[in-house]
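Colleague: Structure in structure tokens, see below.
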Amino acid sequence: MKGGVNELQILEAIRENKLLLSGSILILVFIALAVLAPFITLYDPNDVKVEIRLLPPGEQHLMGTDGFGRDIFSRIIYGTRYSLFLALAVVSVNLLLGLMIGSIAGYFGGMIDELIMRTVDVLLAFPNIILALCIVGVLGPSIPNLLVALVALGWVGYTRISRGLVLSIKEQGFIGAAKALGGSNMYIIVRHIIPNAFPSLLVLATLHVGHTILSIAALSFLGLGVQAPTPEWGAMLSEGKQFIFTYPHVMIFPGVAITFSVLSFNLFGEGLRDILDPRAREVLNV
């Protein structure tokens, strides 16, 4: 037995669901910008030209230039690669870890479940962003360390939710039938448990992409994430904060990019929830 719906139903639902359709369009736009960045931009995002620093938006530079004379439009477009793909990488790892660990805990129960869930309870006592700040502060600011910091606690929420889903799924008749037919524990987990738990977790993961984009931007803004001159939106905000009153365009455009990227995944997640799992709202509020 498999959960979810088929491809035709999803395509039909996308056309009818305005939230999902709007989110899908925005996400596709961001992906296209990231992939086609070299063909869309006219300037190197790291090309410093002090003689044209802090130009306002105009024909030559659509979004103006920053404090180093770099084209803001080019940096926004290239920044999509870092903000979007780093967030997707973090959420994907968290989702897979949480799904596997939670499935093992819920399926086997007993001491395994107790050990895993007590560990999860301890880790949940630490605020994610505070621990991320501590990890990056100790390891040093870099993209690999940023990923480690965001994964360190990101998986525990998925583990708790997937464990709850598995406790319900394993009582279903098709699980008993699979056992009666001689299916191994690993086969049942991979073939039956995970596919039925995945839709609810996918909705949560989609919503968490936006949250992760904000976390990456926040850490980069504080100088603990992606480092200059890399064109990442949070780092761009940090570099432009000194010009917030005199040349506000230096901060406005990166801020708008962050806002719309987060909005796109939130819209997509809300719409996806209604299609894949109408009961997911209750699950996500647990």
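Colleague: Within the bounds of the stretch 152-175, is there any residue that is under 30 Å from Gln227 (Cα atoms), among the β-branched types (Val, Ile, Thr) and at pLDDT 90 or above?
Modeller: Here is the first cut: in the stretch 152-175, the ones under 30 Å from Gln227 (Cα atoms) are 152-158.
Okay, now just the ones that are also among the β-branched types (Val, Ile, Thr), so 156.
Next, only the ones that are at pLDDT 90 or above stay: 156.
So far as the stretch 152-175 goes, yes, one or more of its residues are under 30 Å from Gln227 (Cα atoms), among the β-branched types (Val, Ile, Thr) and at pLDDT 90 or above.
Colleague: I'd like to know if the stretch 200-219 contains one or more residues that are part of a loop (DSSP other than H, G, I, E, B) and either among the aliphatic types (A, V, I, L, M) or modelled with pLDDT under 90 (or both).
Modeller: Our first condition is that a residue be part of a loop (DSSP other than H, G, I, E, B); within the stretch 200-219, this holds for none.
No - not one qualifying residue is present in the stretch 200-219.
Colleague: I've got another one for you. Residue pairs, Cβ under 6 Å, 6 or more apart or interchain, first in the stretch 180-200 and in contact (Cβ under 8 Å) with a residue 12 or more places away in the chain, second surrounded by 13 or more Cβ atoms within 10 Å (Cβ to Cβ) and among the charged types (D, E, K, R). List them.
Modeller: Hits for this filter: Pro199/Asp277; Ser200/Asp277.
Colleague: I need every pair where a residue in the stretch 107-129 that is of a type outside the set (A, V, I, L, M, F, W, C) has its Cβ under 6 Å from the Cβ of a residue that is at pLDDT 90 or above, sequence separation at least 6 or different chains.
Modeller: Tyr107/Val166; Asp113/Ala105
Colleague: Next up: For Thr246, state whether it is of a type in the set (Ser, Thr, Tyr) and surrounded by 20 or more Cβ atoms within 10 Å (Cβ to Cβ). Show your work before the answer.
Modeller: Details: of a type in the set (Ser, Thr, Tyr): yes; surrounded by 20 or more Cβ atoms within 10 Å (Cβ to Cβ): no.
No, not satisfied.
Colleague: Across the stretch 138-160, which residue is farthest from Ser92 (Cα to Cα) among those that are assigned to a loop (DSSP other than H, G, I, E, B) and either touching a residue at least 40 places away in the same chain (Cβ under 8 Å) or under 17 Å from the mean Cα position of the chain (by Cα) (or both)? Show your work before the answer.
Modeller: So the first thing to find is which residues in the stretch 138-160 are assigned to a loop (DSSP other than H, G, I, E, B), and the list is 140-142, 153.
Add one more test, that the residue is either touching a residue at least 40 places away in the same chain (Cβ under 8 Å) or under 17 Å from the mean Cα position of the chain (by Cα) (or both), and what stays is 141-142, 153.
Details: Pro141: 22, Ser142: 20, Leu153: 13 Å.
Ranking the candidates gives Pro141 first.
Colleague: Cβ-Cβ below 6 Å, separation at least six or inter-chain, first residue in the stretch 37-50 and of a type in the set (Ser, Thr, Tyr), second surrounded by 14 or more Cβ atoms within 10 Å (Cβ to Cβ): which pairs?
Modeller: Filtered contacts from the stretch 37-50: Thr41/Ser74; Thr41/Ile77; Tyr43/Asp71; Tyr43/Ser74.
Colleague: Counting only residues that are basic (Lys, Arg) and within 29 Å of the chain's Cα centre (by Cα), which one in the stretch 38-94 is modelled with the lowest pLDDT? If you could, list the steps in order and put the result at the bottom.
Modeller: Of the residues in the stretch 38-94, the ones basic (Lys, Arg) are 49, 53, 70, 75, 81.
Subsequent filtering for residues that are within 29 Å of the chain's Cα centre (by Cα) retains 70, 75, 81.
On the way: Arg70: 96, Arg75: 96, Arg81: 93.
Selected residue: Arg81.
Colleague: Is there a residue being part of a loop (DSSP other than H, G, I, E, B), at pLDDT below 95 and either at positive phi or not aromatic (Phe, Trp, Tyr) (or both) anywhere in the stretch 18-35?
Modeller: So in the stretch 18-35, the residues part of a loop (DSSP other than H, G, I, E, B) come out as none.
No, the stretch 18-35 contains no residue that is part of a loop (DSSP other than H, G, I, E, B), at pLDDT below 95 and either at positive phi or not aromatic (Phe, Trp, Tyr) (or both).
Colleague: Among the residues of the stretch 229-280 satisfying the criterion of being β-branched (Val, Ile, Thr) and assigned to a helix (DSSP H, G or I), which is farthest from Gly79 (Cα to Cα)?
Modeller: Filtering the stretch 229-280 down to residues β-branched (Val, Ile, Thr) leaves 230, 244, 246, 250, 252, 256, 258-259, 262, 275.
Cutting the leftovers down to assigned to a helix (DSSP H, G or I) gives us 250, 252, 256, 258-259, 262, 275.
Working: Val250: 14, Ile252: 14, Val256: 13, Ile258: 10, Thr259: 14, Val262: 14, Ile275: 31 Å.
Restricting to residues being β-branched (Val, Ile, Thr) and assigned to a helix (DSSP H, G or I), the top hit is Ile275.
Colleague: Continuing with this model, one more query. Ile193: surrounded by 23 or more Cβ atoms within 10 Å (Cβ to Cβ) and at pLDDT 90 or above, yes or no?
Modeller: On the way: surrounded by 23 or more Cβ atoms within 10 Å (Cβ to Cβ): yes; at pLDDT 90 or above: no.
When the stated conditions are applied, Ile193 does not pass them.
Colleague: Of the numbered conditions (1) assigned to a loop (DSSP other than H, G, I, E, B); (2) farther than 18 Å from Ala228 by Cβ, Val90 fails exactly one; give the number of that condition.
Modeller: (1)
Colleague: So in the stretch 249-279, with the set limited to residues that are under 16 Å from Phe221 (Cβ atoms) and β-branched (Val, Ile, Thr), which one is surrounded by the most Cβ atoms within 10 Å (Cβ to Cβ)?
Modeller: Start the filter on the stretch 249-279 by keeping residues that are under 16 Å from Phe221 (Cβ atoms), which leaves 250-259, 261-262.
Add one more test, that the residue is β-branched (Val, Ile, Thr), and what stays is 250, 252, 256, 258-259, 262.
Values: Val250: 24, Ile252: 17, Val256: 13, Ile258: 22, Thr259: 14, Val262: 20.
The qualifying residue surrounded by the most Cβ atoms within 10 Å (Cβ to Cβ) is Val250.
Colleague: Only one of Leu115, Leu147, Leu167, Leu181 is under 30 Å from Phe260 (Cβ atoms) and out of contact with any strand residue (DSSP E or B) (no Cβ under 7 Å at 6 or more places or on another chain); which? Walk me through how you get there before you give the answer.
Modeller: Numbers: Leu115 fails: under 30 Å from Phe260 (Cβ atoms); Leu167 fails: under 30 Å from Phe260 (Cβ atoms); Leu181 fails: under 30 Å from Phe260 (Cβ atoms).
Among Leu115, Leu147, Leu167, Leu181, only Leu147 is under 30 Å from Phe260 (Cβ atoms) and out of contact with any strand residue (DSSP E or B) (no Cβ under 7 Å at 6 or more places or on another chain).
Let's see how each residue does on (1) more than 24 Å from the chain's Cα centre (by Cα); (2) crowded, with 20+ Cβ neighbours inside 10 Å:
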position: Met100; (1), (2): no, no
position: Gly109; (1), (2): yes, no
position: Ile112; (1), (2): yes, no
position: Arg118; (1), (2): yes, no
position: Asp121; (1), (2): no, no
position: Ala125; (1), (2): no, no
position: Val136; (1), (2): no, yes
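Colleague: Just the residues that are among the polar types (S, T, N, Q) and touching an Asp or Glu at 6+ places or on another chain (Cβ under 7 Å), please, taken from the stretch 196-239.
Modeller: Our first condition is that a residue be among the polar types (S, T, N, Q); within the stretch 196-239, this holds for 196, 200, 206, 212, 215, 220, 227, 230, 238.
Listed by number, the residues that qualify are Ser200, Ser220.
Colleague: Please go through (1) farther than 21 Å from Leu88 by Cβ; (2) at pLDDT 90 or above; (3) of a type in the set (Gly, Ala, Ser) for Ala125 and return the number of the only condition it doesn't satisfy.
Modeller: (2)
Colleague: Determine the pairs where a residue that is closer than 30 Å to Gly176 by Cβ, located within the stretch 1-27, has a partner that is assigned to a loop (DSSP other than H, G, I, E, B) and at pLDDT 80 or above with Cβ atoms under 9 Å apart, the partner being 6 or more residues away or on another chain.
Modeller: Met1/Gln172
The values are calculated or read from the model by the stated rules, or taken from the named source; none is laboratory data. What you are looking at is a predicted structure, and each value in this text was computed from that prediction instead of being measured. Positions of Cβ are generated from backbone atoms using ideal geometry, with glycine treated the same way; all protein chains shown enter the neighbour counts.
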